[in-house]
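First comes the structure, then the notes that go with it.
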Amino acid sequence: MKMTTKLRVLSMLIVVIYSGTLLGCAGYEINNMRNKVPGFYIRSEMQEADRAIEAARQAGKDKACPEEFKAALDTRNKAYDVFRACQTEEGVAVAKKAIEQANAPCPKKEPAKVTPAAVPAPAPVPVVQKAPEPVMPSPEEIRARDKAAAMQALMNGDVYFYYDSAALTPAAQETLKKNAAILEKYSDVSITIEGNCDERGTNEYNLALGERRAQSVKNFLTDLGLAASRLKTVSYGEEKPVDPGHNEDAWSKNRRAHFVVN
């Protein structure tokens with residue numbers, strides 16, 4: 001008898017639980033886990049938004065009006081974010097908005113307005129003007145221009161040396177004769193002769209070699225008649241390469257004496 005009573009109570013309890021489950025799941029459907037929402041059931045509006053988005057995609061809305069389609073897609077994703085944050089009703093409201101956006105027709109595009117072609121204005125009648133008389137430079141301007149060009153040629157007239165040598169090559173001597181002619185013409189100009197080396201050798205050795213190269217150039221110029229007081233020397237060793245390379249082509253450019261106008 002007691003066993004029969006227990007079975008009846010258990011049966012009634014199962015009926016109550018089952019009825020509560022059916023009532024509690026009203027408005028819910030089985031979770032398809034598409035957006036990783038936990039739980040066996042999920043509010044139907046969430047997955048209705050999924051279906052509306054997919055239907056809009058199938059209808060070509062993502063290409064016909066991509067901005068409106070993306071807005072619906074973003075709203076659907078926001079709905080899931082809100083729903084996962086346990087804000088169920090807010091998430092449902094956002095999902096309904098996504099459904100409305102997905103189901104809305106694409107806005108009609110207004111035809112482009114055709115702007116009538118502008119009537120070109122008549123071409124102006126050219127006015128023939130007499131060319132102005134050329135302004136001839138003054139003698140002072142001519143001398144200043146010639147001197148600037150000569151100084152530039154002087155600073156471009158580097159002389160080059162063989163490896164570990166301060167002896168002037170025939171080519172170096174020809175360059176120095178041209179430089180000496182410039183200095184003879186412009187006797188008010190004094191220069192500094194910079195001796196340079198390639199990167200091989202110690203700093204101390206290259207500083208000494210650079211000084212010998214600068215002095216060799218100075219001696220050659222004084223032998224040509226230039227006053228030694230107009231010629232200063234300085235050695236930079238390997239500190240001022242014109243080519244940063246590490247090969248013979250670069251080294252040959254860095255073994256030089258360079259002129260600087262004071």
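Laboratory data are not the source of any read-out in this text; all were calculated from the coordinates shown. Bear in mind the structure is a predicted one, so any value in this text is a computation, not a measurement. Neighbour counts are summed over all protein chains in view; Cβ atoms, including those assigned to glycine, are modelled from backbone coordinates with ideal geometry.
Coupling constants for region 175-183 follow from the phi torsions by the Karplus curve (6.51 cos²θ - 1.76 cosθ + 1.60, θ = phi - 60°), and in residue order they are 5, 5, 5, 5, 5, 5, 5, 5, 5 Hz; glycine and proline get x. Among residues other than Ile42 with Cβ under 12 Å from its Cβ, the summed charge is 0 (Lys and Arg +1, Asp and Glu -1).
Of all lysines in the structure, the ones whose alpha carbon falls short of 29 Å from that of Lys96, not counting any fewer than 8 places away in one chain, are Lys36, Lys61, Lys63, Lys70, Lys78, Lys108, Lys109. Amide H to amide H distances under 5 Å link Val159 with Ala257, where only residues 5 or more positions off or on other chains count and H is placed in the peptide plane. Contact order normalised by length for the chain, with contacts defined as Cα pairs under 8 Å and 6 or more residues apart; what percent is it? Contact order relative to length: 15 percent. Remark on Tyr41: its backbone amide H falls under 5 Å from those of Asn31, a criterion applied only to residues 5 or more positions apart or on other chains, H modelled at 1.01 Å from N. When Lys61, Lys78 are sorted by how many other C-beta atoms sit within 10 angstrom of their C-beta, beginning with the fewest, the order is Lys78, Lys61.
For Thr233, nonlocal amide neighbours, meaning residues 5 or more places apart or on other chains whose placed amide H falls under 5 Å from its own, are Ile193. Note on Glu184/Glu204: beta-carbon distance plugged into 1/(1 + (r/R0)^6) with R0 of 45 Å gives a FRET efficiency of 0.80.
Computed from phi, the 3J(HN,Hα) profile of region 119-134 under the Karplus parametrisation 6.51, -1.76, 1.60 (θ = phi - 60°) reads 6, x, 6, x, 5, x, 6, x, 9, 7, 10, 6, 4, x, 5, x Hz, with x in place of Gly and Pro. Globularity index of region 92-158 is 3.37 (Cα radius of gyration / 2.2 N^0.38 Å, N = number of residues).
When peptides 48-54, 212-218 are sorted by average Cβ neighbour count within 10 Å, with the highest value leading, the order is 212-218, 48-54. Mean residue ellipticity at 222 nm, helices only, the chain: -17500 deg cm²/dmol; runs of at least 4 DSSP H residues each add -39,500 (n - 2.57), and the sum is divided by the number of residues. The residues neighbouring Lys70, those whose beta-carbon lies less than 14 Å from its own, together hold a net charge of +1 under the Lys/Arg +1, Asp/Glu -1 convention. Against the empirical 2.2 N^0.38 Å (N residues), region 21-103 has a Cα radius of gyration ratio of 1.09.
Expressed as a fraction of 2.2 N^0.38 Å, the value expected for a compact globular protein of N residues, the C-alpha radius of gyration of region 141-261 is 1.06.
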